[in-house]
Amino acid sequence: MNHAIATFAGSAASPSDFPADGLPEVAFLGRSNVGKSSLLNALAGQRGLARISSSPGCTQTVNFFRVGDEMYWADLPGYGYAKVPEAVRRSWDRLASSYLVGREPLAISVFLVDLRHEPSEGDRTLQRFLDHHAIAYLLAASKADKLGRDERGRRLRALRDGIGRRALDVIGTSSQTGEGIAQLRRAIHEQVLAFRRPKTPPNPGPTPP
């Protein structure tokens, strides 16, 4: 993963547009303007991979990026932007749900929250959704560079005890300084490798005489 080039693979407005080649997929989830595009660029080490907009609510499709022959990254629409019309918000919710629930190639989700703020109601709703559907996720706490060391540590502990208590890991990240990016990259890579390993069938036990 460290040396694979990431390229934009296309946008999906409906499930029929999702990739069909079976490569493992990593979903990136979070509220509008939480820093998903910046994080994708930092993980890829490519400044212009994902488009960064100053206007929240820009992503209205699932945007797929292919990382060599290893995986896809799926950038899902953000939530929680009040100026988005209700009909558009419902459409986004349906698209995200149709992707996340029962998506066989989905290896792991990366759930972003802003470390500077308490989790929003939208964050808590997503956490309950992921837990209810048993969707494994890593919690990436973005914009960690905006806090001092003591406050950063306190907030990370609160996330581990709260909204991230069922996450596989809780990682403070900064797309500006690179903090936590290598750690998150390794965690994603480990989950994708585990996903790709052949599943061992259960031992049926001895054959009765």
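Here, each number is a calculation from the coordinates, and none is a lab measurement. Keep in mind that this is a model prediction, so the values were computed, not measured. All Cβ positions, glycine included, derive from the backbone under ideal geometry; neighbour counts span all protein chains shown.
In terms of other Cβ atoms within 10 Å, S38, S98, S175 run from fewest to most in the order S98, S38, S175. Computed from phi, the 3J(HN,Hα) profile of the stretch 127-133 under the Karplus parametrisation 6.51, -1.76, 1.60 (θ = phi - 60°) reads 4, 5, 4, 5, 5, 4, 8 Hz, with x in place of Gly and Pro.
Remark: the stretch 188-195, residue by residue, has Karplus-estimated 3J(HN,Hα) of 4, 4, 4, 5, 5, 4, 4, 5 Hz, where x stands for each Gly or Pro and the curve is 6.51 cos²θ - 1.76 cosθ + 1.60 at θ = phi - 60°. Couplings for the stretch 144-156, taken from phi via the Karplus curve 6.51 cos²θ - 1.76 cosθ + 1.60 with θ = phi - 60°, read 5, 5, 7, 10, x, 4, 5, 5, 4, x, 5, 5, 5 Hz in order; Gly and Pro are left as x.
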